[in-house]
Structure formats: C-alpha cells, structure tokens
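In what follows, a single structure is set out as structure tokens and then discussed.
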Amino acid sequence: MSPAPIAALAFVFAQARPVAPTALPPRPHITATRTPQPPVIDGRLDDAVWAAAAPSGGFVQHFPDEGAPPSEPTTVRVLYDDKNLYVGIDCEQLNAPIVRRLARRDSQIPSDGVWFDIDSRRTGVGAFHFAVNAAGMLSDGIHFDDTAYSSDWDAVWEAKVADTGRGYAAEFRIPLSVLRFSALPVQDWGFQVRRFIDARQETDDWAFYPRSAATLIPLFGRLDGLRDLAPRHAIELRPFVLGRGGYRAADADTTIENGWWAGASAGVDARAHVTNELTLDATLNPDFGQVEADTVILNLSTFETTFPEKRPFFLEGIDAFATVRPLVYTRRIGRQPVTPVLESRENLVARPDPTPLYGAAKLVGTIGTRNTVGLISALTGPNDIEIIDVGGVRTLRRLDPWTTFNVARLKRKLTANAEIGVLASAVNRFETPMPVSSTCALAPSLRGRCTNDAYVISTDGRWRSPAGDYAALWQVVGTTLRNGPPRYSPDGKDILPGRWAPGGSLYVGKEGGAHWLWNWGQHLSGRMLEFNDVGYLERKNDWQSYWGLRYRTLAPTRFTAETTTSLGFNFRTTLDGVNLWNELVLGTYVILRSFWTVYFNAHARGAYFDDRETGDGTALQRPASLGATAEVGTDPRRPLTAWLSSVFDVRRGGGVIFGLNGTVALRALSRLELAFLPTAGYESGAPRYYAKDGPPTAVMYQFGTQTAASLGATVRAAYTFTPELSLQLYTQLFLARVHYDPLFTVTQPAGGLVRISDLQPAPALPPNPDTERATFNVNLVLRWEYRLGSTLFVVYTRSQDPALMPSPNGATFELRPLYQGRAADNVFMVKLAYWFG
C-alpha cells in the first residue's frame, strides 16, 4: 500500500474521539401505552384511548435556526396493542399558513407534514420511515448504514390527517408485521419524530441533532414501555391480472412488423415473514408495465448509460446488497437487449423486447442482533429476435438464453459502529438448442458455447467513529468467467474464461463537524475484472484516485443560511500508465436566507486518452479544457419554482462543450403538479472515431471532428384526486444530431496511442458517420388504491426506438420520425392487483 492511504488512515484514527457527554442534550424518551381497543384512524385524536397516552413535546429546531425553540408546538403520543402500533401527532400552527399539497404516494413535494423513524431492530444503523403530509399523502422508506436512505421500500399501513381548528393532527396505524423486532418481554426502540413547516422551511426534531453531525440513528430518542409483543409471521399475497393491446408502427429503415395486437396474462407477488426479522418476497410472472419510462439522453461517451431501478420487487430490500462497488445492478435482470448489428442484406422484423422474467425470490433480514442476510434468485427466459433478408427468408437469432441470477449477501456487525460483509453472485446461462447467432458462429468457443457463466466474490467493511464524524470503507473483489468464448472488451484486452481478476476500493473521510471536512478514495480494477453480468463496472484496467477538501459554515449570517466551499482532484490511469482522466475542481454552494440555492465551480481538465474509443484498445487523445458549472434554485415555498444547471467548457485547440438542464415547476393548485424539464447540449472541436479497415498490424482508423447537438423537453404532470386516486403523465420529446467534419485518418498497428497531432486530413470515405435521432415517448398512469394494499392501474404508453439512425443527407434535427411513427409502440394496459394480508 502506498504511503498516502496509510497516512490518511492514521490521520482518521488519530482524530477520532467519542461524543462528549455534554455535546447533546439527553436523548428524550416516550412511553407507549397499551390500549384495550384501537383508535379510529381518522386523524382526529379525540378517541378516549388517546387521553390515556403519555404526551411528549420538547421539539427543537434543526433548520433554519439550529437549536432554537420551534415556532409552533408539537406533541406526540404512542399507543399499541397485539397487532398494531399507533402514533398520534398534534401540530399546532397559528403563526404560519398550513401548506397542503396532495400528490401520489412517495412524491417529493413542498408541503407541511410530519414523519417518524423506528429502529425496532435496535441496531443503531437502520430504521423504518413513515410520513404523512398535511394533505394526507403517505410516504415511507428505510434508513440503512446509518446515514443512507431509500424511499423505495413500501409497506401496507395507513395514516389520516384532520384539521383541529388550531392546526392539524396526524394519526398512524403501523401493523407490527411491518416492523422487525426480537421477542423480548419488554421492548425499547430507537425513535425519532420530525415536523416540517413549509412557509418557514423549518424542520423540528423531537430528538435534536445538529446539522454538523455525520451520524443519524444513534442520536434517536427511545420508545419504551412496549410489553409482551409477539412477532407476527404474516403472509401477504398480491395476485394480479392484466390485459394489454396496442399498435406497433414499422420503420422502413429498421423494422417491418406493424399492426394491432392484444394479449393477457396473470401473476402473483407474495411476501412471507419467515421470522419476525426475515422476509421472503417472491414474484411469479411479474409485470411492471405501470413504471415510468427511462429518460432518453445523448450519450457521447464510451461508457454505458445506467438507469435507476423502478420495479417495486427489486427496489425493496436492495439496501442490504449495497457495497462500495455496485456489484448488484438489478436492471441486468430482465434487461432490454441491445439491438444487434445486422449485415447489409438483413433487417429486423421488430425491435427486441425486454428479456422475459419468469420468476424471482428475495430473502432479506437479520439473524440475531449482529447478522444481516440477503439472497436474490431470478430466472429469465430466452429472448429471440426475427431477422429477414432481402429474399424474404426469416430466421431467429438469440440475444439471451435461459439464465439464472443468484446473489448472496452476509454482513456481520463487529461493534456498534463497524461491520464486515461478504457478497457472492453467480450468473449461469443455459444454451439449449437455439437459433444460431451469426456473431457467435464466427468464433465459437472450444466447447461450442456462445455465452459465459460469471462469478463474483467480494468482502467489504465499514467503520465510523463513535461521534460519527470519521468514516472508512473498503472492499476487495474477485471475478471470473467460465465456459464460452473470450468476452470482447473495447479497451482491447478481452476477458479470458477461467482466469480470476482482482479489484479493490478504499475510502476514508471526515464527514461530520462544523467546518472542515475531507475525503480520499482509491479504486483498482484489474485488466480482466468483470462484474457487469449482474453489477455495474464502468471500466476495467483502471487505477482511480480522488480526494476532496471542504469548508462549510452552518451558522446563519445576514445573507446566508449555509455555505460549503470545496476543492477536489480526480486522477485516473490504466494499469499500463495511460492517462485516462485528470481534473481539478474548485466550487462553492450557498443556501441563502431567502432559501434560494446557488452553486458554482471552475474546473480544469488536462489532455487525456480514451482507450475504448476505437474498440480495439487504440487510445485516442482528447484535448485539455477549462470550464465552469453554475446552478441556481429558487425559493421552494413559491407556487412557481425553478432550478437551472449549465456547464460551459472551452477546449484547447478550438471547440466548446455546453450543457443546460432545468426544471420549472408550477403548483397553482394543491392537487396539481406540473413540471417542465428542458435540456440542451452542444459539443464541438474533438476528433472522434467512426470506422476502421485493415489487418491488426496496419489498421486505417477514420476519425472526424465531431459536432453534436441535442434538444429535449420533458413534461411531468400529476393530478391527485384523493390520496388513493391519482393520474400521472410523463412525456418526453428528444432530438439529436451528430456531424463529423473535417475528416482524418491514421494508419498504425492496433493498440497504440493516437495523438491529435498524428491525424491526417482525409476525403470523405464510406460509411457516412453522420447520425440523427428523434424520439417522442408518453407514459400516462391512472392509479387507484381501491382498498388498502390493492390497486388498479390503467396505463397508456408510447415508446419509440431511441437509437441514433444514419443521416445520409447530413446530420440535422429530423422531425419526420415523430409524425410518421418510426418504430413506435402504442400500448394500452389495465392491471388489477388484490392484496391479501
């Protein structure tokens, strides 16, 4: 290990100190009262049983005036019986208007509201989150690894809100089967209650903790007095039926299949509480047609674009599989295959559909007080596409065979602030007699297989100082492929089956404290490291270092509520010493007293090489650049809010990079959300690869100075009739064009370096590299939770092939595909799910 990480680790442990006893006020306690009969969940705390519950107040401001008394009083009461936990929160509000905005569950919208977190496992690193806003909108999520949070966890519970004449009150019913706890005679759980007052942007804590703290759950208060609670091992079933139909439009350039179609299917989602701390989720023939489409972007890099997971089955409990390197990227399961490269005489009958997911199971939870386990197993079926040649002959080509995905995760808590874990994954592909793939037929493996099996083993650890200010993370990973042919890699170093490859990461940082913060990290990826079968690896053959230094002020001034100034450096190289990236960034972030936010940075990037540009390891030089990034956000309390981000770089030798992203949100009505998201991009001045010819010993590479432009507009709208009934619209229009001029060539052996000075002017040679794209997508979802846990979805989607298409007449913004319906699918779906639990 180099001296830098050793010194950094020594610095961390030398500075680590426990929290001084006087640093925070004593943690508050609230005693739960057993109730002989449940209260009516209507938001009105007028049931007689609430009068018997001990009230607790004493809230303290967290923001904006940290440590000050709250502007409005809040009182909490807790009841319980053998089946449920009941929380009542009375919010007096006489000094500010109550802001009520209604939206679909789990939406992030400005509104008054309350929430609480429960560490029922008593681990000090995880908690369940339940929230309701003043209009009755529910939200839930889960805290994990102390400071991490995911809003993707969902459970079946209820809450109601009612006016009190002097404010509002919220009433929650949380089934005990939702929580995880040990069977003890007397329970005491970590407990935190928070309240948000939108008109003042004020957050009040029941268990106060300062904004400078880098830890969260250990600073909770306590909920005690819970006696004789028996863990409930409930079983939940959610069968569903659906029908769908639509119209598929063809495209003379890419596909020929078109016309009307219809179909129906059914499936079931199930959940079983194996123990009170272990939950088994399973799905059979799942369907996720109600989830929002991915945003279309123009990716000019040589790296894969990643998209967030939106399928509910994979979202819940995914925090248990988190590691420093993303070894579990569940979008690989049931993926949308890449459209294959066809020969000049071939055409697609239809675009590839997502690989079918026939079933999956997931076991997540704890064993004892120290062990966390997670298991994922999924089965996907074969995915074939139909090819037609100029003679009209149709053949099938397999994109994915039968495949099983298996992931096992185990974490053990060593102390209150340290843990160690292991993760193993296996992706096995079963090549039953299948349609011939022309790509595989050109170079089959010795065993006749076209695909590989992939295995990953990893160990990792996490440590945080007792005060939470200092943290350290590490991970060591090994991967191997088995069976099948060598796997192509665009850096020119193919991955050979049968060989193990290493990788590792180390991070240390000071994450808490009033002013000075810092971090340092290192990633190492071996030349044949590969975990993209079920994870996400940006690139292999990689040595990446980054460090950052920050100074922040949390005490408000006349103009600012909070400021952060940062200096960061990122350096990246191959294991052979090829410079892949080097960047220095100086930035500042300010929250103004008016609650506007401003961010600005200036950055400098040196010249570097991209060894993935040509696909055979030949590295093309990219020019140095200087630039700046600016972001501004308006006061979130206003009906009309905006956020705008822009980047502008000037390249050495000529050319610019410009990018613009924004969000303009209008909340003129309490039930209506309307947001407009414009995007624009322009990039010029850098030579890029587009074709090559010749043997590996003397390859003629063709390059062109790339000028790329894109325009996009996304509209999101939602109208919430009631907390259970909502209509949501998502639509995106995206245009892009890429043009190459002037053109250059270089002839040299594959695998070397190509400097900008090596490029020689050349006449236009086939193929024409110019491309264009036009995409118009729509997603309209009516969601009705007609009874607790049971939902009806009515969905319309229009999806269009977002691939860049050849532009023989020069790259221009092309609107013709939009109104001619190029390769577009219009689908209407009705899905009915019923919850038993």
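Between amide H atoms placed 1.01 Å from N, distances below 5 Å from Asp384 occur with Leu399, all of them 5 or more places distant or on a separate chain. When the surface is traced with a 1.4 Å probe over the full set of protein chains, His29 keeps roughly 110 Å² accessible. The 3J(HN,Hα) values that the Karplus relation (6.51, -1.76, 1.60; θ = phi - 60°) gives for the stretch 599-616 are, in residue order, 9, 8, 9, 10, 9, 10, 10, x, 4, 8, 10, 10, 8, 9, 4, 8, x, 10 Hz. Gly and Pro appear as x. The distance linking the stretch 392-408 with the stretch 47-123 is 51 Å (Cα centroid to Cα centroid, whole angstrom). You can think of it this way: the chain between Arg227 and Leu727 has 175.7 nm of extra reach, that is 0.36 nm per residue less the Cα-Cα gap. So if I take the centroid of the Cα atoms in the stretch 169-212 and the same for the stretch 586-605, what is the distance between those two points in Å? For the stretch 169-212 versus the stretch 586-605, the Cα centre distance is 32 Å.
Lys and Arg at +1, Asp and Glu at -1: add these up for the other residues within a Cβ distance under 10 Å of Gly837 and post the number. That works out to +1.
Computed from backbone phi with θ = phi - 60° and the Karplus coefficients 6.51, -1.76 and 1.60, the 3J(HN,Hα) list for the stretch 330-340 is 5, 5, 5, 7, x, 5, 8, x, 6, 4, x Hz; x is used for glycine and proline. By the rule of a C-alpha distance below 28 Å, with chain neighbours fewer than 8 residues away ignored, the lysines paired with Lys540 are Lys310, Lys411, Lys493, Lys692.
Of all beta bridges that DSSP places with both ends in the stretch 465-624, some 100 percent have antiparallel geometry. Near Asp770, once Lys and Arg are set to +1 and Asp and Glu to -1 for all other residues with Cβ below 13 Å from its Cβ, the sum equals 0. Here the dipole of the chain is about 740 debye; that uses its Cα centre as origin and unit charges on the Cβ of Lys and Arg (positive) and Asp and Glu (negative).
In this simple spin-label model, placing a label point 7 Å from the Cα along the Cα-to-Cβ direction at both Ala424 and Ala675 gives a separation of 4.2 nm. Between helix 3-15 and the chain there is an angle of about 10 degrees, using the helix long axis and the longest principal axis of the Cα atoms.
Calculated from the structure, log10 I(q)/I(0) by the Debye sum over Cα atoms at q = 0.04, 0.06, 0.07 Å⁻¹ equals which of (1) -0.27, -0.57, -0.74; (2) -0.19, -0.44, -0.61; (3) -0.30, -0.58, -0.71? Entry (2).
Approximating the spin labels as points 7 Å out from Cα along Cα→Cβ, the Ser301-to-Ala691 distance works out to 2.9 nm. Excluding ligands, DNA and RNA, the accessible surface per residue across the chain is 43 Å² with a 1.4 Å probe. Rounded to 0.05, the FRET efficiency of the Leu815 and Arg34 pair, given R0 = 51 Å and the Cβ-Cβ distance, is 0.15.
Shown for the chain: the carbon plus sulfur share of the solvent-accessible area, taken with all protein chains present and a 1.4 angstrom probe, equals 61%.
Applying 0.36 nm per residue to the separation of Ala264 and Tyr682 and subtracting their alpha-carbon distance, the gain on full extension is 146.0 nm.
Mean residue ellipticity at 222 nm, helices only, the chain: -1000 deg cm²/dmol; runs of at least 4 DSSP H residues each add -39,500 (n - 2.57), and the sum is divided by the number of residues. Our coupling estimate for the stretch 75-85, obtained by passing each phi through the Karplus curve with A = 6.51, B = -1.76, C = 1.60 and θ = phi - 60°, is 10, 10, 9, 9, 10, 7, 9, 6, 10, 9, 10 Hz, Gly and Pro reported as x. The overall shape of the stretch 45-178, judged from the alpha-carbon gyration tensor, is rounded, with an a/c ratio under 1.5.
Of the listed residues Val650, Val156, Val427, the order by accessible area with a 1.4 Å probe, largest first, is Val650, Val156, Val427.
Using the Cβ of Gly167 as centre and a radius below 10 Å, the other residues enclosed give a net charge of -4, where K and R count +1 and D and E count -1. Ranking Arg77, Arg593, Arg773 by solvent-accessible area of protein heavy atoms (1.4 Å probe, all protein chains present), from largest to smallest, gives Arg593, Arg77, Arg773. Full extension of the segment from Trp402 to Arg637, taken as 0.36 nm per residue of separation minus the current Cα-Cα distance, would add 79.4 nm.
With contacts defined as alpha carbon pairs under 8 Å and 6 or more residues apart, what's the relative contact order of the chain in percent?
Worked out over the chain, it gives 9 percent.
Tell me the relative contact order for the stretch 292-419 as a rounded percent, counting alpha carbon contacts under 8 Å between residues six or more apart. With pairs under 8 Å counted, the relative contact order is 20 percent. Of the listed residues Tyr470, Tyr358, the order by accessible area with a 1.4 Å probe, largest first, is Tyr358, Tyr470.
Using a Förster radius of 30 Å, what is the FRET efficiency between Asp46 and Leu788 based on their Cβ-Cβ separation? Nearest 0.05, please. So, using R0 = 30 Å, E works out to roughly 0.85. With the simple model of a label 7 Å out from the Cα in the direction of the Cβ, Glu158 to Asn582 spans 6.4 nm.
Take Phe721: with every protein chain present and a 1.4 Å probe, its accessible area is about 90 Å².
Per-residue surface analysis assigns Glu631 an accessible area of about 60 Å², computed on protein heavy atoms at 1.4 Å probe radius. For the stretch 110-236, averaging the sequence separation of C-alpha pairs within contact (under 8 Å, six or more residues apart) and dividing by the residue count gives a relative contact order of 27 percent.
The values are calculated or read from the model by the stated rules, or taken from the named source; none is laboratory data. Because the structure is predicted, anything quoted here is derived from the model rather than measured. For neighbour counting, all protein chains shown are included, and Cβ atoms are generated from backbone atoms with ideal geometry for every residue, glycine included. Side chains are part of the model used for accessible areas, which takes the heavy atoms of the whole protein and leaves out ligands, DNA and RNA. Shrake-Rupley method; radii C 1.70, N 1.55, O 1.52, S 1.80 Å.
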